[in-house]
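The values are calculated or read from the model by the stated rules, or taken from the named source; none is laboratory data. All of these numbers come straight from a predicted model, not from anything done at the bench. Backbone-built Cβ (ideal geometry, glycine too); neighbour counts: all protein chains shown. For accessibility, only protein heavy atoms count, side chains too; no ligands or nucleic acids. Shrake-Rupley method; radii C 1.70, N 1.55, O 1.52, S 1.80 Å.
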Number of protein chains: 2
Amino acid sequence: MPRSSKNSSAKGGPATLAMVARRAGVSPQTVSNAINSPDMLRPETLERVHRAINEMGYRPSRAAQTLRTRSSKLIGYGIQPTPASSPVLDRFLHALSQAADDAGYRILLFASPPGGPTLQGYEDLLDQHEVDGFVLSGTERGDPRQAWLAKRGVPFVGFGRMWSGRQIGDWVDVDGASGTDAAVEHLVSLGHRRIAFLGWERGSSGAGDDRAEGWQRAMRRHGLPTRGRRAQSVNDIDAARTAVKPLLDAGATAVIAASDMLALGCYQTLRERGAAPGRDVAVVGFDDSPTAEILSPALASVAQPLEEVGRQCVRLLLARIAAPDAAPERLLLEPSLIVRDSVRAPDSSDAAESDLAK
Amino acid sequence: MPRSSKNSSAKGGPATLAMVARRAGVSPQTVSNAINSPDMLRPETLERVHRAINEMGYRPSRAAQTLRTRSSKLIGYGIQPTPASSPVLDRFLHALSQAADDAGYRILLFASPPGGPTLQGYEDLLDQHEVDGFVLSGTERGDPRQAWLAKRGVPFVGFGRMWSGRQIGDWVDVDGASGTDAAVEHLVSLGHRRIAFLGWERGSSGAGDDRAEGWQRAMRRHGLPTRGRRAQSVNDIDAARTAVKPLLDAGATAVIAASDMLALGCYQTLRERGAAPGRDVAVVGFDDSPTAEILSPALASVAQPLEEVGRQCVRLLLARIAAPDAAPERLLLEPSLIVRDSVRAPDSSDAAESDLAK
């Protein structure tokens with residue numbers, strides 16, 4: 001008999017639930033329901049699945065069955081109202097839905113009130129629907145959700161670490177500091193030395209402070225001064241236009257911004273001054289928003305691996321549901337610097353000039 | 001006793017479910033569950049609601065109770081994978097979640113496969129979870145979903161009309177033709193006459209053809225020629241850069257694009273030619289994406305009333321659930337032209353020139 005591990009036929013090994021699902025043209029979850037809760041299925045679907053089960057001689061594992069029947073297969077997720085929403089979280093939600101689907105789960109949305117997540121939405125959802133757990137996003141300093149859910153024994157995973165106090169529960173986050181650190185490295189390799197950071201207001205956002213920290217540590221590693229090279233702005237293009245001025249006045253040849261929105265403010269101020277982003281001052285954004293690519297010049301930006309974040313969130317949540325008392329798992333994923341035309345080497349005269357001259 | 005209709009006290013009239021919810025600090029849906037399905041609530045919440053009910057002397061209406069108990073309070077919605085997703089549909093989902101929440105419903109997401117919605121996702125969701133109905137988006141020509149759901153008696157509402165064959169079921173749509181018509185009107189009022197349309201490929205999208213149609217009818221109304229003034233492109237910035245060239249070569253003083261993405265291609269081609277959007281050629285986009293506002297010059301664009309679409313979708317769906325056999329309701333909502341710096345009057349020399357000269 002020839003070896004054919006890749007192309008295992010029905011006779012080549014026991015049929016799996018996934019094989020039955022493919023044969024019946026339904027999802028694995030539907031096969032599971034046909035076995036565990038047949039009254040949930042419409043008769044024609046049930047018949048189709050039963051036919052596939054018989055044809056393939058499938059025998060469900062008892063343990064898997066027991067585990068499955070207690071589950072609603074629903075994951076709760078709070079969605080912010082439109083003005084507060086971010087393209088990053090929208091893309092994360094798509095990735096999360098896909099990852100959940102792949103695992104036989106669905107996302108149950110509830111609207112978070114404007115001004116940030118509160119516990120009420122979680123409490124209401126727990127009262128009204130059975131969910132197996134929650135995925136949290138937009139975690140911030142003093143976020144009450146993790147402790148509240150942990151106290152109630154509700155499984156959850158955060159997209160975003162705890163930014164204050166002790167860490168609670170599982171989370172997946174992106175190493176923002178590593179992203180701005182990599183941006184400094186790239187700019188230094190091109191010859192930039194006067195590299196400024198345009199961030200959010202200090203202390204206003206854990207993620208924002210983290211991004212500032214990566215810039216600062218990389219500058220120090222290269223012996224470059226950070227004093228007078230950091231400006232703060234709210235995440236608003238007009239505020240950023242004003243905030244970036246002292247950095248440019250002080251002769252920065254490159255600006256790393258905590259968001260693409262802030263980078264756009266930098267673009268506008270440069271244009272007002274008759275200067276060109278890229279040619280005159282290098283600009284790097286954060287989040288690689290859809291806008292970054294279509295700007296002229298295209299904006300270099302630090303991209304978060306959102307598909308991977310979505311997959312890992314679902315993986316950690318399902319692991320937590322299966323083993324409520326296991327040790328917490330926390331993942332810090334690497335972002336990647338997308339280099340585009342907004343980043344070039346500085347004018348040779350600028351690069352030669354000493355920092356002390358300014 | 002003073003008149004105080006605005007500030008009705010507990011003694012001023014019968015307590016409502018909403019008043020009980022406020023007193024108990026929970027959502028109206030939770031109060032409803034406390035009455036209809038008390039075992040769904042955690043004991044402390046149930047107690048809090050019961051205390052509020054007693055304190056306020058609330059008496060639930062029997063009819064409302066019966067109606068509520070048969071419902072899962074879940075609305076299914078298929079979400080596209082990331083590359084195919086659009087900012088418009090993301091904003092719609094936020095609006096839909098909020099509108100559903102306001103009505104005591106939740107959105108249950110499932111991932112649509114790349115390449116467009118299929119029936120499998122709907123079938124799986126119906127098999128696995130109880131949903132009261134679906135909201136469809138991304139409706140296209142030959143869309144099989146409406147007929148499939150209608151045949152099975154599953155309530156649904158489309159964000160988007162049927163673009164071919166007979167209309168099935170309820171829908172809410174935005175009158176795209178009215179939006180491009182308004183754009184022509186505005187440009188004509190500024191003195192433009194050579195107004196071109198940069199659209200998607202003819203027949204590739206119902207919404208795209210609708211937007212072209214509005215431009216065409218307004219041009220005809222003003223006796224302006226449309227021949228040679230229409231170009232087609234896929235929804236890609238690079239393709240649009242090429243597609244817009246013959247329109248500019250033929251002397252268009254204004255370009256209306258079927259999307260902001262196409263308008264951006266027009267921006268780039270103008271810049272390559274040393275011309276400025278706004279100053280040299282007026283440009284109008286469609287969808288008022290977040291990018292439109294932050295471009296330089298800011299892009300005028302036709303905005304869809306997505307909050308209103310979300311609210312109306314929920315309203316029509318709940319009406320359908322309550323009265324499965326009622327006559328279908330279809331709403332065409334008006335978009336609005338957001339005028340920004342990319343739209344100015346043409347050079348007087350251009351405006352004076354006859355169309356025949358070109």
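By the helix-only formula, in which each DSSP H run with n ≥ 4 contributes -39500 (n - 2.57) and the sum is divided by residues, the protein assembly as shown has a 222 nm mean residue ellipticity of -13000 deg cm²/dmol.
Excluding ligands, DNA and RNA, the accessible surface per residue across the protein assembly as shown is 44 Å² with a 1.4 Å probe. Across peptide B:32-45, the average count of Cβ atoms from other chains found within 10 Å of a residue's Cβ is 2.
For residue A:324, the distances from its label point to the matching points in the remaining copies are 3.9 nm, ordered from shortest, with each point set 7 Å beyond Cα toward Cβ.
What's the average, rounded to a whole number, of partner chain beta-carbon atoms within 10 Å of each residue's beta-carbon in A:95-107? Please report the intermediate quantities before stating the final value.
Numbers: counts 3, 3, 10, 10, 1, 3, 9, 1, 0, 2, 2, 11, 7.
The shielding value for this peptide is 5.
By accessible area, using a 1.4 Å probe on protein heavy atoms only, chain A has 51% of its surface on carbon and sulfur. Each copy carries a label point for residue B:339 at 7 Å from Cα toward Cβ; from one copy, the others' points are 4.6 nm away, ordered from shortest. A full extension of the chain between residue A:234 and residue A:345 corresponds to an added length of 37.1 nm, given 0.36 nm per residue minus the alpha carbon distance. Computed with a 1.4 Å probe on the full set of protein chains, the accessible area for residue B:130 sits at about 140 Å².
The residue A:150 and residue A:326 beta-carbon pair, evaluated with R₀ = 22 Å, returns a calculated FRET efficiency of approximately 0.95. GNM remark for chain A: springs join alpha carbons under 10 Å apart, and the peak mean-square fluctuation among A:200, A:163, A:215 falls on A:163. When residue B:308 is represented by a point 7 angstrom out along its Cα-to-C-beta vector, the spacings to that point in the other copies are 4.4 nm, nearest first.
Computed with a 1.4 Å probe on the full set of protein chains, the accessible area for residue A:102 sits at about 120 Å². Summing Lys and Arg as +1 and Asp and Glu as -1 over all other residues whose Cβ lies under 10 Å from the Cβ of residue B:165 gives a net charge of +1.
Straight Cα distances below 20 angstrom link residue B:151 to the aspartates and glutamates A:44, A:47, B:123, B:124, B:127, B:130, B:132, B:140, B:143, B:170, B:325, B:329, with same-chain residues fewer than 8 positions distant left out. Most tightly packed first, judged by the mean number of other beta-carbon atoms within 10 Å of their residues, the peptides A:219-231, A:257-269, B:187-199 read A:257-269, B:187-199, A:219-231.
Please find the FRET efficiency linking residue A:222 to residue A:201, where r is the Cβ-Cβ separation and R0 is fixed at 35 Å, and quote it to the nearest 0.05.
0.85
Largest first, the residues B:107, A:338 sort by 1.4 Å accessible area into A:338, B:107. Whole-Hz Karplus values for segment A:178-183 come out as 5, x, 6, 4, 4, 5 Hz, taken residue by residue from phi with 6.51 cos²θ - 1.76 cosθ + 1.60 and θ = phi - 60°; glycine and proline positions read x. Remark: relative contact order (chain A) = 16 percent; criterion is Cα-Cα distance under 8 angstrom and separation of 6 or more residues.
Let me confirm one metric for peptide B:120-126, namely the mean number of other chain beta-carbon atoms within 10 Å of its residues' beta-carbons.
Per-residue shielding by partner chains comes out at 5.
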